[in-house]
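Working notes, structure below.
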Amino acid sequence: LDIGKTAALTATTTSGGKFTWSSSDKKIATVDSKGVVKAVAAGSATITAKDSKSGKTVKCTVKVNKAVLTSIKLLESSKSLTVGSSYTIKPTITPSNGKVSYSTSDKSVATVTSGGVVKAVKAGTANIKAYDPNGSKSAALKVTVNAAAKITLSKSSASIDIGANVTLKATLSNNGSVSWSTSDSNVAAVRNGVVSGLKAGSATITASDSTGKVKATCKITVKSVSSSGVSLSRYSASTTAGKTIYIKGYSTYSAVWGSSNSNIATVHDGFIETKNPGKAAITYTDSKGRRAVCVVTVGNADPIRFTYSSPNSAVRNSNVKLIAITDKTRTAVKFVVTVNGKNVTVNANEKKTDGNTYVWTATYKATVAGTLKYKAYSYKDSKWSTSSDGEADVYVTTKTNKTTTTTDRLRASDEVIKFIGEKEGFVSKITYDTLANNIPTLGYGYVVWEGWSFYDNITKNEGYALLVNAVNQEVYASRVNDMLAENNIKYNQQQFDALVSFSYNLGTGWTYDSDLLDILCNSYGPSSSGGTVTATVDADGGLYLRKSYTTSSDIITLMADGSKVTLVSTDVYNGVWYKVKTSNGKVGYCSGTYLDLHYSGSKARDLNYVNKNALITEMLAYHHAGGVCYYGLLYRRADELEMFLYGDYVSNGCDNKHNFPDPYCISW
């Protein structure tokens with residue numbers, strides 16, 4: 001038989017007994033209980049059948065032929081190895097149960113085992129032969145053995161100051177790629193061979209080949225430098241690649257900024273522009289050589305640069321656009337909206353190129369009112385990821401009338417956000433605002449404070465996203481909402497928008513204590529039972545009580561500054577006058593501009609009943625910067641008054657179409 005073949009043997013007896021079968025050598029041939037013989041390996045074996053009754057036996061000799069291969073094929077005809085490495089030959093043979101032997105032409109270059117494992121011994125070439133020991137078939141593999149890879153560094157040791165750097169050059173004998181690492185990233189950081197000194201101490205810099213087995217090292221000693229008379233607002237900071245961090249430097253003498261590795265971060269005027277992941281020392285060095293250092297840690301670029309929804313205040317059952325901005329390494333974007341505890345995924349179906357970014361848009365139908373949180377994810381390197389910049393929300397309301405007042409918290413409208421953007425003007429790169437004590441600003445008037453991390457050199461789309469997020473997530477809209485709630489004031493959308501624009505331009509300090517706040521708090525509607533409105537006269541020279549609500553009316557008496565009166569009615573006459581009663585019972589009319597109102601009941605204040613003339617006079621007074629009158633600020637106040645009083649969002653305050661009065665220090 002040939003190896004692997006079978007044959008059935010039969011035995012007969014007259015005793016009526018049964019046969020048991022056995023093999024003298026199961027490694028050569030096996031036999032089952034029915035007499036079927038299978039050839040296993042070359043050689044001879046005796047198969048015996050024994051009668052169970054008579055005990056007699058009969059035998060058959062089985063000769064198994066040697067296997068002869070008809071084909072041997074190798075995956076490769078040549079192979080390159082480095083000294084010390086190995087390679088396993090995996091031949092394809094016919095028949096598959098045949099045997100292959102191996103040999104080498106030069107054992108000093110490469111050896112081979114019976115299992116086909118080739119090991120590189122020294123540089124040179126050797127021919128490995130795979131052959132049929134029982135026949136003539138064979139195949140050859142030419143093995144070229146290269147000398148073991150070796151890395152050589154330009155320095156084995158170096159000493160640098162904190163904030164300085166040294167460049168190491170690595171030469172790899174096989175021209176492969178080199179990776180770098182440091183034994184202590186707090187002392188010294190390395191990127192592409194550039195070593196930055198971060199803190200006094202020592203660290204070992206290692207250059208490795210792609211296998212990690214071939215290495216070379218350099219010991220780095222980082223020396224301290226005097227920082228007397230030089231300081232920074234912070235000495236460590238972290239952000240992600242592509243963002244800028246703002247820090248401040250202080251020095252007795254003139255000083256210059258520097259970076260230990262410009263491939264990781266550069267710096268100008270304290271603005272640290274990050275480029276790639278890693279660590280770098282940002283230095284502030286004075287003319288005496290004294291130095292302060294801020295260690296900046298830069299992580300991988302964020303998956304999402306900006307995200308926001310449009311419109312900013314959406315109506316239920318309307319379509320909302322979900323917008324995300326990414327760098328150009330991202331290949332897809334999706335949005336996951338949380339609605340009543342469940343996640344709804346919406347894929348971006350539109351992508352536009354904008355400078356060095358992509359702007360992605362998806363459409364979501366807002367069927368549920370409320371603030372719906374969502375996260376934007378981008379796709380890169382076969383995975384989805386997000387970051388804190390990818391978190392935002394969709395604001396959905398059931399209210400469509402902008403003049404109806406409410407105590408519900410509101411969201412700034414798209415109209416006011418666009419108005420703010422038009423008034424502030426756009427700058428793509430960080431710019432100092434000369435009207436506001438040279439505060440750094442970006443985009444549409446976005447103020448950058450020390451320690452903040454932000455994107456510089458932005459597009460207009462990014463500037464608008466920054467504006468939306470600033471209005472929504474920072475103090476502006478939230479503080480106006482809080483102030484109105486704290487004082488139990490009802491308000492409508494256009495009034496809220498005007499106050500948000502006012503706060504974005506001037507800050508929110510006025511919401512805590514100001515004459516403007518007093519005017520808003522004096523906004524009581526028509527009188528009703530359940531409470532009494534009293535007032536305190538707030539006029540240095542006193543306030544005239546008159547028989548009617550005009551300045552030409554007869555004077556009843558002069559009410560002293562700080563005296564108390566009671567409002568006969570909260571109705572406003574001629575836009576500014578109240579009917580009041582003095583403590584000694586005299587009744588007449590006086591200007592509400594000089595009254596601080598107080599309500600004893602629970603009745604809500606309502607901005608639909610604001611003292612219009614007092615509001616106009618007070619808001620127009622906010623047209624100064626640095627003690628100087630500016631027409632641009634005066635016109636903006638006029639626009640905000642038109643928004644508050646008339647729902648007019650058009651930027652044309654210079655026309656003064658409602659004949660607002662001249663402030664005392666400037667005229668239309």
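The values are calculated or read from the model by the stated rules, or taken from the named source; none is laboratory data. This is a predicted model, so every value here is computed, not measured. Cβ: placed from backbone, ideal geometry, glycine included. Neighbour counts: every protein chain shown. To get the accessible areas, we keep the full protein, side chains included, count just its heavy atoms, and leave off ligands, DNA and RNA. Shrake-Rupley method; radii C 1.70, N 1.55, O 1.52, S 1.80 Å.
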Exercise for the section: Restricting attention to the range 462-481, report how many residues are within 17 Å of the chain's Cα centre (by Cα), farther than 19 Å from TYR358 by Cβ and surrounded by fewer than 20 Cβ atoms within 10 Å (Cβ to Cβ). Expected result: 1
Practice task
Among the residues of the range 482-504, count how many are surrounded by fewer than 19 Cβ atoms within 10 Å (Cβ to Cβ) and in a helix (DSSP H, G or I).
Solution key: 3
Exercise for the section: Output the residue which, of all residues in the range 74-117 that are aliphatic (A, V, I, L, M) and over 23 Å from LYS150 (Cβ atoms), is surrounded by the most Cβ atoms within 10 Å (Cβ to Cβ). Expected result: VAL112
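Could you say whether any residue in the range 312-320 is in a strand (DSSP E or B) and over 30 Å from ARG409 (Cα atoms)?
Checking the range 312-320: not a single residue is in a strand (DSSP E or B) and over 30 Å from ARG409 (Cα atoms).
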Practice task
For VAL64, indicate whether it is surrounded by 14 or more Cβ atoms within 10 Å (Cβ to Cβ) and under 30 Å from LYS137 (Cβ atoms).
Solution key: yes
Problem - Close pairs (7 angstrom Cβ cut-off, 6 or more residues apart or separate chains): on the phi > 0 side of the Ramachandran plot in the range 163-186, assigned to a loop (DSSP other than H, G, I, E, B) and open to solvent by less than 50 Å² (accessible area, probe 1.4 Å) anywhere - result: GLY163/VAL225; GLY163/SER260
Practice task
Could you list all residues from the range 246-262 that are in a strand (DSSP E or B) and among the β-branched types (Val, Ile, Thr)?
Solution key: VAL256
Problem - Residues located in the range 168-210, provided they are buried (at least 16 other Cβ atoms within 10 Å of the Cβ), under 32 Å from the mean Cα position of the chain (by Cα) and within 30 Å of ALA123 (Cβ to Cβ) - result: VAL178, TRP180, GLY193, ILE205, THR206, ALA207, SER208
Practice task
State all residues of the range 185-232 that are within 14 Å of GLY278 (Cα to Cα) and either in a loop (DSSP other than H, G, I, E, B) or among the small types (Gly, Ala, Ser) (or both); if no residue qualifies, say none.
Solution key: SER185, ASN186, VAL187, ALA188, ALA189, ASN192, GLY193, SER196, GLY197, LEU198
Completion exercise
Looking across the range 271-296 at residues that are closer than 16 Å to TYR250 by Cα, touching a residue at least 60 places away in the same chain (Cβ under 8 Å) and outside any strand (DSSP E or B), the single one that is farthest from the chain's Cα centre (by Cα) is GLY289
Handout entry: Enumeration of residues in the range 456-481 that are closer than 15 Å to LYS418 by Cα and basic (Lys, Arg)
Key = LYS460
Problem - Qualifying positions in the range 432-461 - closer than 16 Å to PHE271 by Cα, assigned to a loop (DSSP other than H, G, I, E, B), open to solvent by 40 Å² or more (accessible area, probe 1.4 Å) and out of contact with any Lys or Arg (no Cβ under 9 Å at 6 or more places or on another chain) - result: ASN438, TRP449, TRP452
Practice task
Considering each of VAL344, VAL359, VAL337 in turn, give the residue that is at pLDDT 95 or above, under 26 Å from ASP393 (Cβ atoms), in contact with a helix residue (DSSP H, G or I) (Cβ under 6 Å, 6 or more places away or on another chain) and in a strand (DSSP E or B).
Solution key: VAL359
Problem - Residue under evaluation ARG290, criteria (1) within 30 Å of PRO303 (Cα to Cα); (2) open to solvent by 20 Å² or more (accessible area, probe 1.4 Å); (3) out of contact with any Cys (no Cβ under 6 Å at 6 or more places or on another chain), criterion not met - result: (1)
Handout entry: Count of the range 643-663 residues which are farther than 25 Å from LEU597 by Cα and free of Cβ contacts under 8 Å to residues at least 60 places away in the same chain
Key = 11
Problem - Cβ pairs under 6 Å, 6+ apart, first in the range 497-517 and closer than 18 Å to ASN611 by Cα and at pLDDT 95 or above, second open to solvent by 50 Å² or more (accessible area, probe 1.4 Å) and assigned to a helix (DSSP H, G or I) - result: none
Practice task
Please indicate, with yes or no, whether at least one residue in the range 333-346 is in contact with a strand residue (DSSP E or B) (Cβ under 6 Å, 6 or more places away or on another chain), within 20 Å of SER478 (Cα to Cα) and open to solvent by 30 Å² or more (accessible area, probe 1.4 Å).
Solution key: no
Completion exercise
All-but-one check, ARG234 against (1) open to solvent by less than 60 Å² (accessible area, probe 1.4 Å); (2) under 28 Å from the mean Cα position of the chain (by Cα); (3) within 24 Å of ALA292 (Cβ to Cβ), failing number (1)
Handout entry: Given (1) open to solvent by 20 Å² or more (accessible area, probe 1.4 Å); (2) within 24 Å of the chain's Cα centre (by Cα), number of the condition VAL394 does not satisfy
Key = (1)
Handout entry: Near pairs, Cβ below 7 angstrom, 6+ apart or cross-chain, from the range 1-18 (in contact (Cβ under 8 Å) with a residue 60 or more places away in the chain) to any residue that is not in a loop (DSSP other than H, G, I, E, B)
Key = LEU1/ALA7; LEU1/ALA39; LEU1/VAL62; LEU1/VAL64; ASP2/ALA39; ILE3/ALA39; ILE3/VAL64; GLY4/ALA39
